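Single-structure report; data block below.
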Amino acid sequence: MIYLHPPGLVCALGTGIDAVRERLFAGDSPGMIVTDAYSPGRPLLLGTVPDALPAIDQAPPQHRSRNNALLAATFAQIATRYRDLTAGLDPARIAIVLGTSTSGIFEGEVAMAEFGQTGALPEHYHYGQQELGSPAQWLAGELGIKGPAYGISTACSSSAKALAAGARLIETGVADLVIAGGVDTLAAFTVAGFTALESVSVARCLPFSRNRNGINIGEGAALFLLSRTKSPVALAGWGESSDGHHVSAPDPSGRGAQRAIEAALQRAGKTAADIGYVNLHGTATRQNDAMESLAVATALPGVAASSTKPLTGHTLGAAGAIEAALCWITLTDDLQRLPPHVWDGDADPDIAPLPLVGIGARADVRAALSTSFAFGGNNIALILERT
């Protein structure tokens with residue numbers, strides 16, 4: 001069995017699993033703020049990380065980015081457990097797999113703005129800051145890790161796939177311990193890109209509502225230590241599929257999403273009746289919610305569900321790992337609380353109905369499933385189980 005040790009977590013809900021736990025179940029997210037910092041002249045509701053991040057000035061120039069500073073803040077939460085688990089372990093038997101879609105894009109934006117004004121790039125800029133492999137490479141260098149260290153960038157499924165990839169490294173005997181998760185930070189490039197797709201909501205996003213009209217983009221990071229050393233939660237299964245339906249729109253039939261869910265159930269040796277909670281991808285875009293509601297209602301009928309993106313924003317490449325961390329928190333909550341679905345309560349009558357969780361809901365959840373559905377029909381479902 002592949003165990004998931006307590007995660008490091010930073011997002012709009014807060015820093016660390018204790019702070020996030022209370023705000024999650026209360027439906028209160030202090031980092032969801034209106035700002036035009038990444039869309040000048042057009043204020044948007046974004047999921048921000050307001051806390052100061054550690055300086056990483058000592059890092060090689062190609063790894064000095066806000067993205068990696070956020071990664072450092074997140075790893076600091078699990079550093080003690082990491083040292084305990086790796087004591088006496090060959091560095092070649094430790095691996096890192098991280099999902100990201102931004103890496104150091106923000107630093108590139110700042111550099112190009114200066115280039116436009118002065119005709120020269122700033123001295124502190126290095127193209128390597130934008131490399132998608134930078135987070136994994138930098139952390140490997142900091143920790144002296146000699147095993148595989150690489151990034152996955154498959155849009156919104158990136159860090160969920162990083163967890164599955166990390167589990168495979170252990171299952172196949174390549175590694176004994178894997179740091180897996182994801183990190184993404186806000187940038188004007190991503191905000192503008194999703195705005196061009198007419199997918200960004202100015203107000204709070206409303207997953208599965210009749211009135212939904214797009215996402216709130218967010219930033220954050222979550223890191224897990226995966227190993228065979230016993231922990232309160234295990235990664236019981238995962239399932240992946242690829243639609244190839246359209247470059248950005250999901251297959252409206254939901255067949256690919258349903259295949260991913262069914263594959264995860266099969267790998268975990270479970271049925272829909274064993275799942276107590278579903279963390280939905282729930283972006284609040286018209287097409288994704290319609291597709292997902294159909295897939296989940298078919299594969300997991302009657303299972304309590306919610307989208308936590310109104311509380312975190314859509315953290316893109318980090319979303320899968322952050323939402324897995326929220327499932328970890330749910331499975332280990334002494335009060336058996338469920339993450340609420342924060343919305344206007346106006347269900348869309350044209351999509352398949354789901355049993356969405358209200359604030360204060362409780363259940364004894366032994367297994368939770370989290371979905372991530374990315375551009376190009378890149379689908380994954382993770383199943384976490386209390387041990």
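The values are calculated or read from the model by the stated rules, or taken from the named source; none is laboratory data. As the structure is a prediction and not an experimental result, all values here were calculated from the model. Because the Cβ atoms are built from the backbone with ideal geometry, glycine has one as well, and the counts that use them run over all protein chains shown.
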Only listed residue being farther than 25 Å from LYS309 by Cβ and of a type outside the set (Lys, Arg), chosen from GLY147, GLY181: GLY147
Among the candidates THR271, THR283, residue that is without any contact (Cβ under 8 Å) to a residue 24 or more places away in the chain, over 19 Å from PRO7 (Cα atoms) and β-branched (Val, Ile, Thr): THR271
Sole exception among (1) free of Cβ contacts under 8 Å to residues at least 24 places away in the same chain; (2) closer than 18 Å to ARG228 by Cβ; (3) touching a strand residue (DSSP E or B) at 6+ places or on another chain (Cβ under 9 Å) for LEU53, by number: (2)
Per-region count, the range 65-101, residues basic (Lys, Arg) and more than 22 Å from the chain's Cα centre (by Cα): 2
Qualifying position, being within 28 Å of ALA175 (Cα to Cα) and small (Gly, Ala, Ser), among GLY116, GLY108, GLY16: GLY16
Pairs, first under 10 Å from SER101 (Cβ atoms) in the range 140-156, second crowded, with 20+ Cβ neighbours inside 10 Å and among the aromatic types (Phe, Trp, Tyr), C-beta under 9 Å, six or more apart: CYS156/PHE373
Meets criteria (in contact with an Asp or Glu (Cβ under 8 Å, 6 or more places away or on another chain) and either closer than 28 Å to ILE94 by Cα or surrounded by fewer than 19 Cβ atoms within 10 Å (Cβ to Cβ) (or both)) for ALA167: no
In the range 61-106, the residues that are part of a loop (DSSP other than H, G, I, E, B) and either among the β-branched types (Val, Ile, Thr) or touching a Lys or Arg at 6+ places or on another chain (Cβ under 7 Å) (or both): ILE78, THR100, THR102
Residue in the range 116-123 that is of a type in the set (Val, Ile, Thr), surrounded by 13 or more Cβ atoms within 10 Å (Cβ to Cβ) and more than 22 Å from ILE179 (Cβ to Cβ) present: no
Matching residues in the range 167-214 - criterion: being among the charged types (D, E, K, R), under 26 Å from ARG66 (Cβ atoms) and not in a strand (DSSP E or B): ARG204
Members of the range 90-108 that are more than 15 Å from ASP184 (Cα to Cα) and surrounded by 14 or more Cβ atoms within 10 Å (Cβ to Cβ): ARG93, ILE94, ALA95, ILE96
Index of the failed condition, ALA263 passing every other in (1) small (Gly, Ala, Ser); (2) closer than 21 Å to GLY377 by Cβ; (3) in contact with a Phe, Trp or Tyr (Cβ under 7 Å, 6 or more places away or on another chain): (3)
Residue ranges of helices (runs of 4 or more DSSP H) in the range 268-387 with at least 2 members modelled with pLDDT under 95 and either among the aliphatic types (A, V, I, L, M) or touching a Gly at 6+ places or on another chain (Cβ under 8 Å) (or both): none
Residues of the range 107-153 satisfying the condition of being in a loop (DSSP other than H, G, I, E, B) and over 17 Å from ASN67 (Cβ atoms): GLY119, ALA120, LEU121, PRO122, GLU123, GLY144, ILE145, LYS146, GLY147, PRO148
Where GLU198 falls short, out of the listed (1) without any contact (Cβ under 8 Å) to a residue 40 or more places away in the chain; (2) charged (D, E, K, R); (3) buried (at least 16 other Cβ atoms within 10 Å of the Cβ): (3)
Odd one out for LEU44, checked against (1) at pLDDT below 95; (2) surrounded by 13 or more Cβ atoms within 10 Å (Cβ to Cβ); (3) under 29 Å from GLY193 (Cα atoms): (1)
Subset of the range 266-294 [buried (at least 23 other Cβ atoms within 10 Å of the Cβ), in contact with a Ser or Thr (Cβ under 8 Å, 6 or more places away or on another chain) and not acidic (Asp, Glu)]: TYR277, VAL278, ASN279, LEU280, HIS281, GLY282, THR283, ALA284, THR285, MET291
Check on ASP51, closer than 23 Å to ARG337 by Cα and either in a loop (DSSP other than H, G, I, E, B) or in contact with a Gly (Cβ under 7 Å, 6 or more places away or on another chain) (or both): no
